[in-house]
Amino acid sequence: MVAAITLTPDNGVVGATITIDGTGFTPLEDIVLTYGGAALTPVAPISTDVSGVFSGTFLVPASVQGIHSVVATDETLLTDDADFTVNSQIVITESNATVGSVINVTGTGFDGVSLMGFTLNAVLIVPVGGAVTTGADGGFVTTFTVPALVNGSKDLIGTDAGTNTDTDSVIIDALLVITEATGVYGDTINVIGSGYATASVMSFTLNSIAIVPVGGAISSDVDGGFTTTFLIPEVPNATRTMVGTDASANNDSDTIDIVAICIITEASAVYGDVITVVGHGYEASSAVTTTLNGVSITAVGGAFSTGATGGFSKTFTIPDVANGTRTFVAADAGVGTDSDTLVINALITLDDGSGSIGESVVISGHGFTASSLMAFTFGGSVIVVDEAPLSSEATGEFTATITVPTGFDDTVSIVATD
């Protein structure tokens with residue numbers, strides 16, 4: 001019987017598993033394989049049976065496109081050969097990608113030392129770092145940055161200088177990116193989208209509530225991309241998710257941390273004034289604690305909680321607080337907290353706005369420097385109060401008594417200075 005081998009299949013790509021069957025060889029002998037003249041190690045050692053028949057497998061080694069001779073030889077030097085054809089192949093490591101991401105591509109079975117050309121979605125694309133040439137074995141490894149493309153499966157085609165070619169595909173997914181990591185109520189945030197359907201009307205939600213871009217509704221461009229801005233609405237404190245969806249239901253999401261903000265509507269105030277404080281981005285329906293200059297302060301009307309969207313608007317009466325820029329802090333029951341500042345100015349009041357020479361007048365002072373020695377003038381002249389030397393309290397308040405001096409018969413100014 002004449003030795004004979006067959007390959008199943010007789011063509012394939014580098015790395016494929018090929019079955020080799022032989023008949024007519026010497027019984028009970030080991031079989032040695034070569035591929036293109038080089039030793040080829042089978043998946044498992046191959047030996048003939050008592051009838052001189054064998055069957056085994058091997059992996060196609062790295063080799064250029066075209067025909068390669070596979071030879072099987074036994075110990076008695078009975079031999080046969082068969083042709084195996086290597087096909088070109090490119091493989092994209094990633095099954096899905098987004099615009100701007102990097103995909104990894106491996107090629108095998110092309111011509112040796114051959115300049116490669118590539119298209120993605122029928123448009124020329126250049127590897128990261130520039131043009132690529134195959135190795136002597138017809139293989140290459142390279143990367144690409146995904147350009148602006150609409151959503152869906154896109155073909156990457158690689159072709160060598162000998163026109164050997166192969167195709168693999170990657171699915172372009174929608175991508176939505178918020179450029180800001182955090183934001184507060186009323187902030188403008190920038191949102192970039194890519195990989196959506198072409199020229200498609202977009203819809204958006206934030207915290208599952210519909211939200212409209214500044215300037216109104218938008219559509220993606222011909223490449224499936226868009227750039228737009230939003231004003232952050234009244235949303236409770238937490239990490240919130242924005243979802244962008246096109247008319248074909250392609251969607252993606254990104255998150256932004258909504259943080260608390262409190263705003264005092266007045267820039268300055270004096271003792272007894274009523275100020276308005278507005279808060280946004282706190283926990284929903286949460287009790288709020290407030291301090292001014294580190295001391296607890298109660299809202300007009302008493303304790304309060306935020307609304308369902310994490311906001312509040314409350315008024316406060318300024319207590320005795322020392323002169324200067326003072327910090328108001330509002331905190332919810334969780335992590336939501338913010339502060340704003342208010343300038344506390346000095347104020348004096350008289351128990352009586354008129355009087356005769358020799359009468360006593362009580363002066364009440366608020367918002368002066370804490371624990372500061374006080375001085376007074378009456379009609380521009382220094383006057384000594386009954387309590388002299390007198391200093392303000394730790395809260396900047398004081399009470400002093402003066403006796404109306406002689407020599408004045410008209411309206412005069414009383415000045416208190418710390």
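The values are calculated or read from the model by the stated rules, or taken from the named source; none is laboratory data. Because the structure is predicted, anything quoted here is derived from the model rather than measured. Please note: Cβ atoms are built from the backbone with ideal geometry, for glycine as well, and neighbour counts cover all protein chains shown. Protein only, heavy atoms only, side chains kept; ligands, DNA and RNA dropped before computing areas. Shrake-Rupley method; radii C 1.70, N 1.55, O 1.52, S 1.80 Å.
A few remarks follow.
- Residues satisfying the stated conditions in region 23-48, i.e. in a strand (DSSP E or B) and not hydrophobic (A, V, I, L, M, F, W, C): Thr23, Asp30, Thr34, Tyr35, Ser47
- Filter result (out of contact with any Asp or Glu (no Cβ under 8 Å at 6 or more places or on another chain), more than 18 Å from Gly22 (Cα to Cα) and outside any loop (DSSP other than H, G, I, E, B)) within region 71-107: Val86, Val102, Thr106
- The set of residues from region 49-70 being open to solvent by 40 Å² or more (accessible area, probe 1.4 Å) and assigned to a strand (DSSP E or B) comprises Ser55, Thr57, Leu59, Ile67, Ser69.
- Selection count where residues are surrounded by fewer than 20 Cβ atoms within 10 Å (Cβ to Cβ), touching a residue at least 24 places away in the same chain (Cβ under 8 Å) and not in a loop (DSSP other than H, G, I, E, B), scope region 218-237: 4
- Selection status of Val170, β-branched (Val, Ile, Thr) and loosely packed, with under 15 Cβ neighbours inside 10 Å: no
- Leading residue by the ranking (farthest from Asn251 (Cα to Cα)) among those in region 187-219 that are among the hydroxyl-bearing types (Ser, Thr, Tyr) and within 16 Å of the chain's Cα centre (by Cα): Thr188
- Output for region 108-156, where each listed residue is part of a loop (DSSP other than H, G, I, E, B), out of contact with any Gly (no Cβ under 8 Å at 6 or more places or on another chain) and surrounded by fewer than 13 Cβ atoms within 10 Å (Cβ to Cβ): Ala122, Val128, Gly129, Gly130, Ala131
- Total residues in region 191-213 satisfying the condition of being closer than 21 Å to Ala238 by Cα, open to solvent by 60 Å² or more (accessible area, probe 1.4 Å) and not in a loop (DSSP other than H, G, I, E, B): the figure is 2.
- Within region 311-335, the set of residues being within 21 Å of Asn237 (Cα to Cα), at pLDDT 95 or above and either open to solvent by less than 70 Å² (accessible area, probe 1.4 Å) or touching a His at 6+ places or on another chain (Cβ under 6 Å) (or both) comprises Gly311, Phe312, Lys314, Phe328, Val329, Ala330, Ala331, Asp332.
- Some residue of region 165-184 being in a loop (DSSP other than H, G, I, E, B) and out of contact with any strand residue (DSSP E or B) (no Cβ under 8 Å at 6 or more places or on another chain): no
- Among the residues of region 335-351, the one identified as out of contact with any strand residue (DSSP E or B) (no Cβ under 6 Å at 6 or more places or on another chain) and either more than 30 Å from Ser286 (Cα to Cα) or of a type in the set (Phe, Trp, Tyr) (or both) is Ala346.
- Residue check, Ile261 modelled with pLDDT of 95 or more, within 18 Å of Ala333 (Cα to Cα), surrounded by 22 or more Cβ atoms within 10 Å (Cβ to Cβ) and β-branched (Val, Ile, Thr): yes
- Looking across region 173-184, just one residue is among the small types (Gly, Ala, Ser) and open to solvent by 60 Å² or more (accessible area, probe 1.4 Å), and that is Ala181.
- Taking region 338-418 and the strands (runs of 3 or more DSSP E) fully enclosed by it, the elements with 3 or more residues that are closer than 30 Å to Thr276 by Cβ and open to solvent by less than 50 Å² (accessible area, probe 1.4 Å) are at 360-366.
- All positions within region 71-100 that are of a type in the set (S, T, N, Q), within 30 Å of Ile157 (Cα to Cα), in contact (Cβ under 8 Å) with a residue 24 or more places away in the chain and open to solvent by 60 Å² or more (accessible area, probe 1.4 Å): Ser95, Asn96
- Residue-level analysis places Ser285 among those that are of a type outside the set (Asp, Glu) and open to solvent by 40 Å² or more (accessible area, probe 1.4 Å).
- Residue list for region 35-48, restricted to those being open to solvent by less than 40 Å² (accessible area, probe 1.4 Å) and either touching a residue at least 60 places away in the same chain (Cβ under 8 Å) or over 53 Å from the mean Cα position of the chain (by Cα) (or both): Ile46, Thr48
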